[in-house]
Amino acid sequence: MSLTTPRADRLRAVRRAWYRFRRNPAAVVGLAMVLLVFVVAIFAPLVAPFPEHVGGFVDFRNRHQPPSWTHPFGTDNAGRDILSRVIFGYRISLTLVVFVLGLAVPFGVLLGLLAGYYGGWVETVIMRLTDVFLAIPALVMALAITAALSPTLLNSMIALALLWWNWHTRLIYTTVASLKHEEYVEAAKVAGASDFHILFRELLPNCVSVISVKTTLDAGFVILIGAGLSFLGLGAQPPTPDLGTMVSSGANYLPEYWWGSIFPGLAILFTILGFNLLGDGLRDLLDVEVN
Amino acid sequence: MSGNLLELNQLSKRFPVRKGLFQRVVGHVNAVDGVDLTIGRGEIVGLAGESGSGKSTVARMIVGLLTPTEGTVTFDGEDVSKQLGTLAFKRRVQMVFQNPGSSLNPRRSVADALKVPLRVHGVPSSTWAERIRSLLEMVELPATFAQKYPHELSGGQKQRVAIARALAVQPELIVLDEPTSALDVSVQAKVIELLLRIRDELDLAYLFISHDLSLMRNFSDRVGVMYLGKLAEMGTSDDLFLRPQHPYTQGLLASIPVVSEAEEALKPTQRHLKGEIPSPANVPSGCRFRTRCPHAFDACREVAPTFHELSATHASRCHLHDPALAGSAEPTKA
């Protein structure tokens, strides 16, 4: 029974998880889409056919060129290659995701842990605060915040981060509220463990699967709402190649020059779909693992 | 039996019952109501009773998971009522939980679980690996188990790890809260054997909480039977199982399933207990057992019985032992 080493055991567990993951084609497709977006965004200057078209480049002779071999997604109203700008646009989208979730998730998880574990007035204060934030529609709130500050990428990121933590707080709160009655938490207390140990060593590791599933699913929505904000002119400002801004400026030339909006729109769809498929796959995978 | 390790003196726990929008306190549940209990060094004392009798609440107060409402706890001659939750006291009293499935964190390895008490109680980290190996050896598990996760272990193995965790701080008393009720009978016997061996080797005392009376008979030196937060009868294992005096103990013993006619003959000639244990929020007047007692008479309704010493080791809380009160009511036969 215990003929294998612990390291081999763990390796086998990883391989088993990967095998189960691979049997879910949708999840594999999702992972491939997300990886593709990340690789393309990281190596944008090498991948993009016309990296110089990203900034304030103008070539009016080539404006509104339909899709062709040179310009697979066509060109925009200033003659810039849309494919190159989409590729650089992914950088903005992913920066947005990393920044927003990097702030909102740890903060939301921390508050959820505290509210769930301590209960009492700590729970009352934190959970009523999340209710207040939940009561306001996310996009309206983000509009208000970015409009009150100034419409820049940084401000829209801050606005989104301010709106996102409460979902994680609620999720972790309900998870922890049920986990804290597990005997291993009481065993840690009897052993004399500190609250810090119980929160971050006993409870948090048991929340990692829900957090990672939720965060993956969130990534798609952050991109969507971020694109919505910049579509309304409250995100990254031209000539920065933001996908939402591109959809918005291309929309002025619909339906004749349809490629100006459609391709950036499809690019947004592609990432959201990727993150959602991956998130669903992870959820199935981790549910199996947990039970 | 001089110099008791643990002495509970009128230990009580009252839980407030809250209701309505503002969580107003509308009443109290007396989960534990004035329990006196002693445990000597190296002694195994059992607490038996149905669910709701308050036996687990007693256990949780001793290890500091709950704060007693009233009463005192004396440990090794020192009043520790105010120190129940402190580190110094936790080093001397540990607990093994009922459900091995949930008493180990699924995300943490056996070694992680064993390190918690070592770290908390300031054992130098250079000696951890050695300590973990010797702890696993003590509970008869191979040293390779340190790297395993709970899902790779069987119920019995998990409970051994939980015992090792309790032993890590070298306590003097271990509270065993139904440590075998979630295990197979064959595994149960092995865990009990292990606990007895460790007790002999380390001169530990156990407070053993269980509703399994046959197990209690074989494992415990002395046994207390609890009913609705109060001890109904207390005595040595032989006192209680061979000469049960309280009608509740007699009823409990009568309800033990047996495998042979010879065993059946050993049981008290007493009907099974009728009905359910009443809610501790609504304790019957007088004797709290009278609603289910086959011998109940008028005095039982009005006066709460006190403990009657039947021998140096045996006491029972029943009016039947009081000749003045019992009067015409015939005394029970064992």
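Below are the figures for this structure:
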read-out	value
A:Ala144-B:Ala254 pseudo-label distance in nm [points 7 Å out on the Cα-to-Cβ vector]	7.1
Å³ per residue enclosed by the Cα convex hull of chain B	160
Whole-number accessible area per residue in Å² for segment A:24-286, which is evaluated in the context of all protein chains at 1.4 Å	44
For segment B:12-57, the spread of Cα positions along each principal axis, largest first, Å	50, 18, 13
Which of B:Phe297, A:Phe99 is most accessible, then next, and so on - probe 1.4 Å	A:Phe99, B:Phe297
Residue among B:Gln250, A:Ala138, A:Ala193 farthest towards the positive dipole end of the protein assembly as shown, charges placed on Cβ	A:Ala138
Folded to 0 to 90 degrees: helix B:110-120 orientation relative to chain B principal axis, Cα	80
Inverse mean reciprocal Cα-Cα distance (Kirkwood Rh) of segment A:110-195, Å	14.6
Segment B:194-272: C-alpha gyration tensor shape, a/c 1.5 cut-off, then a/b vs b/c	oblate
Chains B and A, summed buried accessible surface - 1.4 Å probe, Å², nearest 100	2200
Heavy-atom surface of chain B, accessible at 1.4 Å and reported per residue (Å²)	45
Degrees separating the helix A:204-231 axis from the principal Cα axis of chain A, which is the longest one	20
11 Å beta-carbon shell around A:Ser84, net charge (K/R +1, D/E -1)	-1
Low-density loop cleavage sites - chymotrypsin sites (Phe, Trp or Tyr not before Pro) in segment A:54-87, where at most 11 other Cβ are within 10 Å (DSSP)	A:Trp69
Simple spin-label estimate for A:Val28 and B:Val303 in nanometres, 7 Å along Cα-Cβ	8.3
A:Ala13-A:Asp59 FRET efficiency (beta carbon distance; Förster radius 60 Å; 0.05 resolution)	0.60
Dipole magnitude of chain A about its Cα centre (Cβ charges: Lys, Arg +1; Asp, Glu -1), debye to nearest 20	600
For B:Trp128, solvent-accessible area (1.4 Å; no DNA, RNA or ligand), Å²	40
Furthest towards positive pole of dipole, B:Leu141, A:Gly56, B:Thr69, structure part the protein assembly as shown, Cβ charges	A:Gly56
Residue (of B:Leu21, B:Gln10, B:Thr127) at the positive-pole extreme of chain B, dipole from beta-carbon charges	B:Leu21
Computed FRET value (nearest 0.05) for B:Glu78 with A:Ala135, which takes r as the C-beta separation and R₀ as 45 Å	0.25
Size of electric dipole in segment B:100-162: Cβ of Lys, Arg +1 and of Asp, Glu -1, about Cα centre, debye, nearest 20	180
For segment A:24-286: relative contact order, % (alpha-carbon pairs under 8 angstrom, 6 or more apart)	28
Rg in Å to one decimal, and Dmax rounded to a whole Å, for segment A:24-286 via C-alpha atoms	21.6, 77
Degrees, to the nearest 10: B:155-167 long Cα axis against longest axis of chain B	80
Descending Cα extents along the principal axes, segment B:1-156, whole Å	53, 48, 30
A:Val122-B:Ala129 FRET efficiency (beta carbon distance; Förster radius 51 Å; 0.05 resolution)	0.85
Given B:Lys19/B:Lys230; A:Lys189/B:Lys13; B:Lys90/B:Lys190; B:Lys230/B:Lys274; B:Lys55/B:Lys158; A:Lys189/B:Lys230, the pairs whose alpha carbons are separated by over 22 Å	B:Lys19/B:Lys230; B:Lys90/B:Lys190; B:Lys55/B:Lys158; A:Lys189/B:Lys230
Calculated log₁₀ intensity ratio I(q)/I(0) where the Debye formula runs over C-alpha points of segment A:200-291, q = 0.12, 0.17, 0.23 Å⁻¹	-0.50, -0.75, -1.04
Solvent-accessible area, 1.4 Å probe, carbon plus sulfur percent, for segment A:24-286	72
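The values are calculated or read from the model by the stated rules, or taken from the named source; none is laboratory data. Just so you know, these numbers come straight off a predicted model, no measurement behind them. Note: ideal-geometry Cβ built from the backbone for every residue, glycine included; neighbour counts use all protein chains shown. For accessibility, only protein heavy atoms count, side chains too; no ligands or nucleic acids. Shrake-Rupley method; radii C 1.70, N 1.55, O 1.52, S 1.80 Å.
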